[in-house]
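This report refers to the structure that appears directly beneath it.
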Amino acid sequence: LVEDKTFFFRKSGEDKAEDFTFNFGLDLHSFSINMKVVPQENKFESRSWDVKNKKEIAYTAEGAPTSAKMEMYPSKGSNVSASLLDEVAVDAADAEKLAKAKYDSVLKDVITGEGKCCGNPNVRTGKTIKIEGIGERLSGKYYVTSSVHTVNDEGYTSTFKVRKVMK
């Protein structure tokens with residue numbers, strides 16, 4: 001996040017409660033959605049070599065993001081969407097973190113969107129909003145990834161980009 005000439009580094013606030021709600025057609029003038037296809041086998045595997053104990057370290061993440069169901073299983077015969085072979089894991093806990101992080105990073109951008117509303121200075125990067133009136137599957141909690149506020153001869157408008165919070 002950047003405010004004036006200052007960079008702020010912090011954890012994402014997408015797990016917080018919504019700051020406010022938009023209703024499509026009322027206070028949200030336009031909203032477009034982009035959806036990515038996610039492989040059916042939503043599994044991400046982290047593999048590395050334990051030099052000290054001379055054995056493979058393998059960990060697989062699957063299921064819902066951040067609350068991922070984890071399974072430890074042998075390297076042969078596993079059915080995974082992606083393997084993290086270029087990452088070095090020190091131990092099983094490190095391999096677990098790498099697999100979870102990769103899984104979360106892929107799923108966080110499955111549904112993204114862009115909206116436009118009457119000027120609202122509270123629409124800022126890092127805020128969590130709720131969007132209603134766009135169908136059962138798409139309505140819900142979104143995290144604002146960028147915003148632009150414009151004042152011109154048409155008035156004050158805010159445009160923003162969001163990603164759907166999948167938790």
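Observations on the structure shown:
- Hydrodynamic radius (Kirkwood) for the stretch 91-143, which is based on Cα pairs only, to one decimal in Å: 13.9
- Between residue 22 and 130, 131, 132, the built amide H atoms are under 5 Å apart, and every one of these is 5 or more places off in sequence or on another chain.
- Residue-span extension gain [residue 136 to residue 52] - 0.36 nm each, minus C-alpha spacing: 25.1 nm
- Most to least packed among 135-147, 151-163 [average Cβ atoms within 10 Å]: 135-147, 151-163
All of the numbers you see were taken from the coordinates with simple rules; none came from a lab. Since this is a predicted model, take the numbers as computed values, not measurements. Ideal geometry is used to build each Cβ from the backbone, glycine not excepted, and the neighbour counts take in all protein chains shown.
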